[in-house]
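Here's the structure we're looking at; comments come further down.
The values are calculated or read from the model by the stated rules, or taken from the named source; none is laboratory data. Quick caveat: nothing in here was measured; it's all calculated off a predicted structure. Cβ: placed from backbone, ideal geometry, glycine included. Neighbour counts: every protein chain shown.
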Amino acid sequence: MQSNSTENLLSAFAHFFPNAKEVGSYINGEMVVGAGETVQLFDPATGEKSVAYPDGGAEVVAQASAAAMRAQKEWWALTHAARGRVMFAIANEIRKEIEPLARLESIAAGKPIRDCRGEVAKVAEQFEYYGGWADKFYGDVIPVPTTHLNYTRREPMGTVLQITPWNAPMNTCGWQVAPAIAMGNAVLLKPSELTPFTSLVVGLLIERAGAPKGLVSVLSGYGHTVAQAAIANQAIKKVVFVGSPATGVRIAEAAAKRVLPCVLELGGKSANIVFEDADKRLAALGAQAAIFAACGQSCVAGSRLLVQKSIYDEFVQLVANGANKIKVGAPLDDSTEVGPINNKTQYDHVMKMIDSGVQAGAKLAAGSAERSDKGYFVRPTVLSNVTNDMDVARTEIFGPVVVAIPFGTEEEAIEIANDSEFGLAGAVWTKDVARAHRVAGQINAGTFWINGYKSINVASPFGGYGRSGYGRSSGVEALYEYTQTKSIWVETAKEPATPFGYF
Ligand code: NAD
């Protein structure tokens, strides 16, 4: 007999794929079921066994890459404006399905339903934003000092591979698929084996909106099988990876063998710096949102809270009081603010990190080191008395756990913030405008907030410094990543100079 978890997930999925007998890969308008080893999923809210499906293996990669090469030619042959119109139609298709998509994401990933609704709406915005760019990003005319007309064209890479994690499956696919297809590419999207569902639906909706069949294929299965087979496939011309640094290294190594360019969007250990002159109420609310939103499973989470010594005890207590009030609960409950951790491996890691912090001398100002009886729930946790050399301050926890580290001066705050291998994000809270900008200019991070945290928009570039990765996503910068430049020279002289004179 099927468990409730399995039934819930399958019925939410059947809303989109009523005829699918099994979860497979979405290729060329069809659900193609793999024949590889079984991927067994578990319900994050109960820990019960949920859906199982076969890994797609190299076979789905071969089918998807052949379809992508055909579809990309058809897609690129359209006018730029026509591609833009399809992008707007995709946004409409997504908007029509906000509630069923949010429900599917919530059940599959364990995320609170109210967060999922917002995330789905954002994906529609991402397609609109890049739909607007489809006919506005082309090339230049270069004033070369010869008799030539020299111009550039921004051309698609061809077929790009996108490998994404489990923490924000819907958002990640809008974030990356939209700019890729807006620029004329086909996409092979390999979502996490733990959360393929909403990505498969996005593949379906893209086609429903009028994109050629096979333009975006969604491949279900493991990274070491499906993603690695795709990196080796000759159709792939670029790899965009969102995930952990350890996997990022493996992917960059495999891509280097084929001289494939990569974008790596990796992890973080971001510093959220609070000075004694900050608005303490707003800073405390900001500190909670920075770490507890999405149950801390967010690459930009403000997981190191740096607090000036003069307000350390008072401020940490404020954050801890707020943490204790957060409603942790079932993902589908509308009042839930923080849901479970997505999977058991991650849950075990988070609990191990809390233990390691306590053993190293940190104090549990909020939260608990007790494991939950059912599901992968972790109470919002604040560890105080932490120093930046402890493992909890250096390793990405990727859960609702913030470590509070005291500092004395501005210089010391900057030094501690930058004493990390990561460089994804950070923030400063202060009423001193000059100091805010001074600090912002000195922190090694791709995104930085002043008196705020976590504002992110599709129009603004995003990416990491250091071990948080390289390349940029979002905004106009993503368009450079998804195109290559061709320089074209046209001779305009009646009697051109001899070619030997050119160099
Ligand atoms: P992960 O690295 O384990 O997996 C990410 C993807 O890589 C999955 O699709 C997985 O199947 C695939 N993969 C795994 N092993 C592979 C291999 N050997 N070859 C090819 N592909 C392989 O990451 P995760 O646990 O799913 O996600 C959490 C991580 O993602 C955290 O470190 C988080 O910070 C990071 N993340 C970063 C960003 C960002 O924008 N910087 C955004 C979201 C998440």
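One residue stands out in segment 153-174 among those that are near the ligand (Cβ under 9 Å from one of its atoms) and among the β-branched types (Val, Ile, Thr): the one that is surrounded by the most Cβ atoms within 10 Å (Cβ to Cβ), namely 172.
Residues that are among the small types (Gly, Ala, Ser) and under 15 Å from residue 397 (Cβ atoms) were ranked within segment 282-307; the one that is surrounded by the most Cβ atoms within 10 Å (Cβ to Cβ) is 301.
Put simply, of 141, 216 the only residue that is free of Cβ contacts under 8 Å to residues at least 12 places away in the same chain and in the same structural domain as residue 250 (by TED's automatic domain parsing) is 141. Here is a check on your reading of the model: is residue 146 over 22 Å from the mean Cα position of the chain (by Cα) and modelled with pLDDT under 95? Criteria met by residue 146. Selection within segment 247-256: residues that are of a type outside the set (Val, Ile, Thr) and within 9 Å of the ligand (Cβ to nearest atom). The member of this set that is nearest to residue 267 (Cα to Cα) is 248.
Consider residue 358 carefully, then state whether it is in contact (Cβ under 8 Å) with a residue 40 or more places away in the chain and of a type outside the set (D, E, K, R). Judged against the criteria, residue 358 is not a match. Restricting segment 175-195 to residues that are out of contact with any strand residue (DSSP E or B) (no Cβ under 7 Å at 6 or more places or on another chain) and closer than 16 Å to residue 104 by Cα, the residue that is nearest to the ligand (Cβ to nearest atom) is 192.
Selection of first residues in segment 174-197 that are basic (Lys, Arg) and of second residues that are part of a helix (DSSP H, G or I) and buried (at least 24 other Cβ atoms within 10 Å of the Cβ), restricted to Cβ pairs under 6 Å at least 6 apart or on distinct chains, gives the following pairs, ordered by first then second residue: 190/226; 190/227.
Restricting to segment 247-278, give me the number of residues that are part of a loop (DSSP other than H, G, I, E, B) and within 21 Å of the chain's Cα centre (by Cα). Number of matching residues: 7. Scan segment 219-237 for residues that are under 27 Å from residue 396 (Cα atoms) and in contact (Cβ under 8 Å) with a residue 12 or more places away in the chain and the total you get is 9.
Here the condition is being surrounded by fewer than 18 Cβ atoms within 10 Å (Cβ to Cβ) and either in contact with an Asp or Glu (Cβ under 8 Å, 6 or more places away or on another chain) or under 29 Å from residue 257 (Cβ atoms) (or both); of 227, 232, it holds for 232 alone. Here residue 137 clears all of (1) hydrophobic (A, V, I, L, M, F, W, C); (2) assigned to a helix (DSSP H, G or I); (3) within 27 Å of residue 71 (Cβ to Cβ) except the condition numbered (2). Counting only residues that are closer than 13 Å to residue 189 by Cα and part of a loop (DSSP other than H, G, I, E, B), which one in segment 205-246 is nearest to the ligand (Cβ to nearest atom)? So, considering only residues that are closer than 13 Å to residue 189 by Cα and part of a loop (DSSP other than H, G, I, E, B), the one nearest to the ligand (Cβ to nearest atom) is 222. With a requirement of 3 or more residues that are crowded, with 22+ Cβ neighbours inside 10 Å and touching a helix residue (DSSP H, G or I) at 6+ places or on another chain (Cβ under 6 Å), the strands (runs of 3 or more DSSP E) lying completely within segment 1-99 that satisfy it span 25-27. So in segment 224-247, with the set limited to residues that are small (Gly, Ala, Ser) and touching a Ser or Thr at 6+ places or on another chain (Cβ under 8 Å), which one is nearest to residue 175 (Cα to Cα)? Within segment 224-247, the match that is nearest to residue 175 (Cα to Cα) is 243. The residues of segment 320-356 that are closer than 18 Å to residue 5 by Cβ and more than 13 Å from the ligand (Cβ to nearest atom), listed by number, are 329, 330, 331, 332, 333, 336, 339, 340.
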